[in-house]
1. Can you give me the angle between helix 333-353 and the longest principal axis of the chain, using Cα atoms only, in degrees from 0 to 90, rounded to the nearest 10?
2. Please list 3J(HN,Hα) in residue order for segment 462-478, calculated via the Karplus relation 6.51 cos²θ - 1.76 cosθ + 1.60 where θ = phi - 60°; whole Hz, with x for glycine and proline.
3. Convert each backbone phi in segment 389-403 into a coupling constant with the Karplus relation 6.51 cos²θ - 1.76 cosθ + 1.60 (shift: θ = phi - 60°), then list the ³J(HN,Hα) values in order as whole Hz, x for Gly and Pro.
4. Amide H of Asp40: which non-local residues (sequence gap of 5 or more, or other chain) have their own amide H closer than 5 Å, using H built in the peptide plane?
5. To the nearest 10 square angstrom, how much accessible area does Lys220 have with a 1.4 angstrom probe?
6. Can you compute log10 of I(q)/I(0) for segment 366-415 with the Debye formula, treating each Cα as one identical point scatterer, at q = 0.20, 0.29 Å⁻¹?
7. Going from most exposed to least, what order do Phe384, Phe321 have by accessible area with a 1.4 Å probe?
8. Take every Cα-Cα pair in segment 8-76 and report what % of them are more than 16 Å apart.
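The values are calculated or read from the model by the stated rules, or taken from the named source; none is laboratory data. Values in this document were obtained by computation on a predicted structure and should not be read as measured data. With ideal geometry, Cβ positions are generated from the backbone for all residues, glycine too; neighbour counts draw on all protein chains shown. These accessible areas exclude ligands, DNA and RNA; they are computed on the full protein's heavy atoms, side chains included. Shrake-Rupley method; radii C 1.70, N 1.55, O 1.52, S 1.80 Å.
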Amino acid sequence: DIFTFAIPDDDATKFNSEEEYYLGPIVTFKNDNGKLEVIDGQQRLTTIMLLLRAFHVSFGNMQDENSKRTREMIESCVWKTDEFDNADKTKLKIDSEVATDKDKDEFLSILNTGVAPSEMKSKYAENYRFFQKKIDEFLHGYPSFFSYLPARILNNCILLPIEADNQNTALRIFSTLNDRGLPLSDADIFKAQFYKYYSDKGEKDNFIKRWKELEEVCEKIFKPMVGTPMDELFTRYMYYERAKMGIKSSTTEALRRFYEKDSYKLLKNDYTLDNLTELANFWNDISNQNRERFSDRILNKLFVLNLAPNGMWSYFLSVYFMANKDINGNLDDDKLYRFLTKSIALIWTYAFYNPGVNALRTPIYAEMIKIINGEEVAFEEFKFDKESVRQALLNYSFDNRRPITKSMLAWWAFNNNEQAYLSLNQSFEIEHIYAKNRQDTDSGLVDKKNLERLGNKSLLEQSINIRVSDFRFEDKVKKYKGYMNDKGKNIEGTKIQDLLSLNEKYPEFNE
């Protein structure tokens, strides 16, 4: 595109020197060291630098006046210059502080040496070799126009510099401008703050290693609807720091705004990264259902919470863990069991009695502060009237599309004392024990609404749910328990204990 602009119709003489080609903005701010940090435009800036460096090499020792002048112009872009515009080729104008970009050394090496050998595998090297190939083709195809193209790139291709007063302003400008490419996440901003802190301590390499390990854990266990997996970790940790500050307001600040207070003070210490790592490992063990860390009864409660109608429990549990873990990162089993039981009671009741996550914030945030103060979770100020809850339950429509329905069925499954823990990797669906189409093929029900009552529903493994389909009760029970198929293969049954013993309670399953 730039070639077509600079050499229109393959003829350099047709170029209009008054025209300009707009490449886009470069958004920067001046950091504490007086250097300009690039917030938006890293890709176009690094690409242009590589292109100019490739041109510089191609000019070599050309001594004609146009070539010498163009080479000097390129040098003043790539390297720092003295007061007479002489380039110091030991000092690049650009540096990379991308904490986890393992290829940045190749980028800087290419700019310093003008060489990208085949053993270099980075995108920087790939781009540079592409430019070298295209420039070589251009030199052979248009030898008389050769010096015109880089000169026109330097003189007529426009980058709009926007220097903000501070990082926050730069980020806001970036957010407004950036409608393409990959936007910066909150965690990217936090990483930069950590990077500076640990670099100043001489622990840059160790930080980069720890951050990459943390990213790998988070990407494996967190699947947030909004933001990145690392953003999710910072969010869960935010609630702990928030509770330590005694904040129980139901209005929650945006993640970046919370951490940027006092010039990112929370990210400029030795304990925050340790805490984040410990919190990530805790959630990793929950995700993996680590039986060395958790008892089966705790894993059962956590399974139920994984089907919670909203995500508030994960923030609540994160605060509990951070406040109650021992020196080895472990929690007391009995206390944790009571905490999870109370949490389920509150969250589930709110789901059908006072639905919406906003209502839940008031009791949860208040209790987070009590956790920090060493008090056991009791929700003393948020008790329900038992009869009102009973009526709300009876009047509630537990439709399959409502998350609380599957949540309730999971809770019910574990009320059976013989129920073993269930795997989070297993897909469960909602089974209608009295099949929905039996209403049409059998004599029918007195009240069709009974089909959708919780008493006619159960969790059931997806594969078995497909298998039992619309069979009658006596045939379903056989398939619940497992059976030998026509080919003599043993077909495994369900792990849901309540379904396995259902025919012992009811000879048939009717209204």
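1. 90 degrees
2. After applying 6.51 cos²θ - 1.76 cosθ + 1.60, I find 4, 5, 6, 4, 5, 5, 7, 6, 10, 5, 6, 4, 4, 7, 4, 4, 4 Hz.
3. 5, 4, 5, 4, 5, 5, 8, 7, 9, 7, 5, 4, 6, 8, x
4. Correct list: Val27.
5. 120 Å²
6. Evaluating at q = 0.20, 0.29 Å⁻¹ gives log10 I(q)/I(0) of -0.90, -0.98.
7. Details: Phe384 70, Phe321 0 Å².
My answer, sorted largest first, is Phe384, Phe321.
8. Values: 1586 of 2346 pairs.
Tail fraction, whole percent: 68.
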